[in-house]
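Down below is the structure, laid out as structure tokens.
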Amino acid sequence: MPPVFRFAPSPNGYLHLGHACSALLNFDLAQRSGGRLLLRMEDIDLSRCKPEFEAAIYEDLAWLGIAWEAPVRRQSEHFSDYREATDRLAAQGLLYPSFESRGEIARLVAAEQVRGTWPHDPDGVPLYPGVARSLSPEAVAMLRLAGAPTALRLDMGAARRRSGELSWAERGAGPSGETGTVAARPEAWGDVILARKETPTSYHLSVVIDDALQGVTDVVRGRDLFWSTSVHRLLQQLLDLPQPVYRHHSLVRDAAGAKLAKSTGAASLRELRAQGVTPADIRGMAGLPQFA
């Protein structure tokens, strides 16, 4: 069977050079291996994802010379797939609801830090203190009745006891050069959120479900997602999903050394195109080889 790659942007803004690097790398690897390239819209955030951004993604990829298979999978059209997954995890006793706002969680963490240092996840965010894990069924029912904001969290301790040791096959490299067989450490992320009241999934959950349903064999993405793979391997194990191989690539950075991001105003591909930049120039700027 030919390998299956995918490029999965979020249509919440215009693509920039970092996106182009990842899209082109997936396309090149698919071409060289005789594989397939899929396109997925990670549009679970319905408040920020817009049809005009999705249309711009198609335009930018076509300008770069990238071809992909139809149909395009939109996550917003498959919420039932993610609900089924959370139902399976709940049946295993691995999920619990939490009701705190972000401000309330910050206050809980601050109270813990008074007693000493408090652990942070690989992205530098303080871990959730786990307060809601001990709520009684009556308390949970009252909070739900009151309309409190609800998030479904993975009980990481219980999940790790069920999963055993985990690893993944890395064909790229991590932030410190990790490659080959990499030990997964999902516990570093604490009790991650897998769904919210208003959105029945999260990035972590939807990405592993989609990769499995679409038959993705090779996940090629930026190094900023390297340690997220630990959570993805855990979910694959708990849900009995196939394990792709992973290739994490270096990030395209700005003059100050920060990774490019929509939120920090990185120049979009459409802006670069308007300035006369060519697809060949984009390849050079992204550090990718040229092809005749």
Per the helix-only model, the chain has a calculated mean residue ellipticity at 222 nm (DSSP H runs of ≥4, -39500 (n - 2.57) each, divided over all residues, rounded to the nearest 500) of -11500 deg cm²/dmol
In the chain, taking the dipole from +1 charges on Lys and Arg beta carbons and -1 charges on Asp and Glu beta carbons about the Cα centre, the listed residue (110, 272, 208) farthest towards the positive end is 110
Honestly the range 108-172 on the Cα gyration tensor test (a ≥ b ≥ c root eigenvalues; a/c under 1.5 rounded, otherwise a/b vs b/c for prolate or oblate) is just oblate
If one compares the long axis through the Cα atoms of helix 79-91 with the longest principal axis of the Cα atoms of the chain, the angle in degrees, nearest 10, works out at 40 degrees
Which of (1) 6, 28, 37, 24, 4, 0; (2) 6, 25, 34, 24, 10, 2, 0; (3) 6, 22, 27, 22, 15, 6, 1, 0 gives P(r) over Cα pairs in 10 Å bins from 0, in percent as computed here? It is (2)
Residues whose built amide H sits under 5 Å from the amide H of residue 15, excluding neighbours closer than 5 in sequence, are 269
If one compares the long axis through the Cα atoms of helix 102-114 with the longest principal axis of the Cα atoms of the chain, the angle in degrees, nearest 10, works out at 70 degrees
For residue 112, placing the label point 7 angstrom along Cα-to-beta-carbon and taking the range 190-215, residues whose amide nitrogen sits under 14 Å are 190-193
For the chain, averaging the sequence separation of alpha carbon pairs under 8 Å that lie six or more residues apart and dividing by its residue count, the contact order in percent is 24 percent
Subtracting the Cα-Cα distance of residue 50 and residue 275 from 0.36 nm times their residue separation yields 78.5 nm
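Coordinate-derived values only; no laboratory data. Quantities reported herein were computed from a predicted structural model and do not represent experimental measurements. Ideal geometry is used to build each Cβ from the backbone, glycine not excepted, and the neighbour counts take in all protein chains shown.
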